[in-house]
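Here's the structure, in structure tokens; my notes come after.
The values are calculated or read from the model by the stated rules, or taken from the named source; none is laboratory data. It should be emphasised that the depicted structure is a prediction, and the values quoted were computed from it without experimental measurement. Glycine gets a Cβ as well: all are built from the backbone with ideal geometry, and neighbour counts include every protein chain shown. To get the accessible areas, we keep the full protein, side chains included, count just its heavy atoms, and leave off ligands, DNA and RNA. Shrake-Rupley method; radii C 1.70, N 1.55, O 1.52, S 1.80 Å.
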Amino acid sequence: SDLDTRPTNGDLSHWAQQGVLLLNTSLSVPPGAAGAHARWGWDKLAAQAVTEAQRHRPLAFILWGNHAQKALSDLTRPSDLVIASAHPSPLSARRGFFGSRPFSRVNAWLAARGEAPIDWAGR
């Protein structure tokens, strides 16, 4: 995997401690019912969170899947990094996620800005 990012236990708090925010525009999904909460208005809250974060600095976006790409396309700015690919789910990962190297691309962008890279593996 890109930069050996597979978590060993599912705890991604080490990402959060480095400023990484995982954000799904639906925020919640019942098991086996993808998109069931898509019209609950969570997308507006997600957009507000992005807009607020952009007030502080340029952002790196990793947009997985068509829904994320459409939902955030109007929010990104030229100063932001935007990486778009297929979703990493088993149903679509082979359609463009594999080989997209999102984690190393974010770290290269951070390094070019003189910022510390993300320790994605957290080991």
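Please determine, by comparing only the residues of the stretch 70-80 that are open to solvent by 30 Å² or more (accessible area, probe 1.4 Å) and closer than 21 Å to Ala108 by Cβ, which one is modelled with the lowest pLDDT.
In the first step, residues of the stretch 70-80 are kept if they are open to solvent by 30 Å² or more (accessible area, probe 1.4 Å); the result is 70-71, 73-79.
Subsequent filtering for residues that are closer than 21 Å to Ala108 by Cβ retains 76-79.
Details: Thr76: 87, Arg77: 91, Pro78: 92, Ser79: 93.
Applying the filter and picking the extreme gives Thr76.
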The lone condition Ser26 fails out of (1) surrounded by 12 or more Cβ atoms within 10 Å (Cβ to Cβ); (2) touching a residue at least 24 places away in the same chain (Cβ under 8 Å); (3) assigned to a loop (DSSP other than H, G, I, E, B); (4) not acidic (Asp, Glu) is (2)
Could you tell me whether any residue of the stretch 4-18 is farther than 14 Å from Gly122 by Cβ and not aromatic (Phe, Trp, Tyr)?
no
For the stretch 54-81 the number of residues that are touching a residue at least 24 places away in the same chain (Cβ under 8 Å), farther than 16 Å from Thr25 by Cα and not in a helix (DSSP H, G or I) is 4
Failed condition for Thr51, given (1) out of contact with any Ser or Thr (no Cβ under 8 Å at 6 or more places or on another chain); (2) assigned to a loop (DSSP other than H, G, I, E, B), with all others met?
(2)
Does the stretch 46-69 hold any residues that are under 20 Å from Trp15 (Cβ atoms), open to solvent by 40 Å² or more (accessible area, probe 1.4 Å) and not basic (Lys, Arg), and which are they?
Ala49, Glu52, His56, Ala60, Ile62, Trp64
Restricting to the stretch 82-117, count the residues that are in a strand (DSSP E or B) and open to solvent by 30 Å² or more (accessible area, probe 1.4 Å).
2
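Being open to solvent by less than 80 Å² (accessible area, probe 1.4 Å) and under 30 Å from Glu115 (Cα atoms) is the filter here; which residues of the stretch 29-45 pass it?
The initial filter retains those residues of the stretch 29-45 that are open to solvent by less than 80 Å² (accessible area, probe 1.4 Å), namely 29-30, 33, 35-38, 41, 43.
If the condition is that a residue be open to solvent by less than 80 Å² (accessible area, probe 1.4 Å) and under 30 Å from Glu115 (Cα atoms), then Asp43 is the only one that fits.
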